[in-house]
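Below is one structure; the comments refer to it alone.
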Amino acid sequence: MKNDWLIWLKNEFKQSYFMKMKLYLNQEYLSNNSLPPRDLIFRAFELTTPQDIKVVILGQDPYHNLNQANGLAFSVNKQEKLPMSLKNIFSELKDNYSYFEGKTGDLSNWAKQGVFLLNTILTVKPNSPMSHQGIGWENFTDRVIKEINDLPQPIVFVLWGKKAQEKKVLLNNKNHQVFISSHPSPYSAYNGFFGSRVFAKINVFLIKNAINPIDWRV
């Protein structure tokens, strides 16, 4: 991190849980080639600074298939095939905005506009979802969410799925808006994600608060 996140979180990096997690991940990356690539673990923080945050989209853990995870929740690199969750996200976007075209799964354009694409767990073993649950990432991302909650600017929090919804207890700033639905995965998208119109609602909130809306095209 080379921006204000480093100032915000420098004390968190010194906590005992983080030091233990760092040692554990050193071994994981040596033996299991964990995901995303090590230099992309904090990419969401590099592309979206605290003062630029307009929207927080909270995911669970990175894609666990090789070459997919790139440090941004729900995003993949341009040349990669779209995962089903991202296909469903694009389907809902098309329902919100008829002009939408998802030509690539790279969501860095969102991040650069102020959409903080955060997973609750930032690493994973290949082909083993939730394999880094409980090693310390939850403590870290809880701290991140608390810090964002305290920001003065109006922010939209989007909580998709059970893991993300557990973080609602950390959000108590009346300036912010929270949208909750099922996860966009094929197992749960029909239980409330489809038809939620969350992307249009985000922009309505931003415009209402005199904030430039997000251009969702990728």
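Please treat every number below as a calculation from the coordinates, not as lab data. Just so we're clear, the structure is a prediction, and the values are computed from it rather than from any experiment. Glycine gets a Cβ as well: all are built from the backbone with ideal geometry, and neighbour counts include every protein chain shown.
Among residues other than Asn67 with Cβ under 14 Å from its Cβ, the summed charge is 0 (Lys and Arg +1, Asp and Glu -1).
Among the listed pairs Lys54/Lys94; Lys2/Lys103; Lys81/Lys125; Lys22/Lys78, a Cα-Cα separation exceeding 27 Å is found for Lys2/Lys103; Lys22/Lys78.
Under 1.5 on a/c is rounded, so check that first for the stretch 101-198, then, if it is not, pick prolate when a/b is larger than b/c and oblate when it is not; a ≥ b ≥ c are the square roots of the alpha carbon gyration tensor eigenvalues. Rounded, since a/c falls under 1.5.
With θ taken as phi - 60° and the Karplus curve 6.51 cos²θ - 1.76 cosθ + 1.60 applied, the whole-hertz 3J(HN,Hα) list for the stretch 123-138 is 9, 7, 6, x, 6, 9, x, 6, 6, 9, 5, x, 8, x, 4, 4 Hz, x standing for glycine and proline. Tell me whether the stretch 64-154 comes out rounded, prolate or oblate; compute the Cα gyration tensor, take square roots of the eigenvalues as a ≥ b ≥ c, and use a/c under 1.5 as the rounded threshold. Since a/c reaches 1.5 but b/c is at least a/b, the shape of the stretch 64-154 is classed as oblate. If you take the Cα centroid of the stretch 33-69 and the Cα centroid of the stretch 153-179, the two points sit 18 Å apart. Applying 0.36 nm per residue to the separation of Asn65 and Tyr187 and subtracting their alpha-carbon distance, the gain on full extension is 42.2 nm.
Summarising the label geometry, the points placed 7 Å from Cα in the beta-carbon direction at Asp4 and Asn173 lie 1.0 nm from one another. Toward the positive end of the charge dipole of the stretch 91-130, with +1 on the Cβ of Lys and Arg and -1 on the Cβ of Asp and Glu, the farthest Cα among Phe116, Ser98, Pro129 is that of Pro129. Put simply, the amide H of Lys54, placed in the peptide plane, has neighbours under 5 Å in Val115, Phe116, leaving out anything fewer than 5 places away on its chain. Note on Ser91 and Lys146: the model spin-label points, each 7 Å out from Cα along the C-beta direction, lie 3.9 nm apart. Test of understanding: extend the Cα→C-beta vector of Phe100 to 7 Å, then name every residue of the stretch 184-218 with backbone N under 14 Å from that spot. From the stretch 184-218, the list is 184-185, 193-204, 214-218. Helices in the chain, meaning DSSP H runs of at least 4 residues, each add -39500 (n - 2.57). Divided by all residues, the mean residue ellipticity at 222 nm is -9500 deg cm²/dmol. Could you tell me whether the stretch 73-114 comes out rounded, prolate or oblate from its Cα gyration tensor? Rule is a ≥ b ≥ c as square roots of the eigenvalues, rounded for a/c under 1.5, then prolate if a/b exceeds b/c, otherwise oblate. Taking the square roots of the gyration eigenvalues as a ≥ b ≥ c, the stretch 73-114 is oblate. With a Förster radius of 30 Å applied to the C-beta separation of Gln153 and Leu30, the computed FRET efficiency comes to 0.15. Note on Asn209 and Ile135: with the Förster distance fixed at 30 Å, the Cβ-Cβ geometry gives a FRET efficiency of about 0.20.
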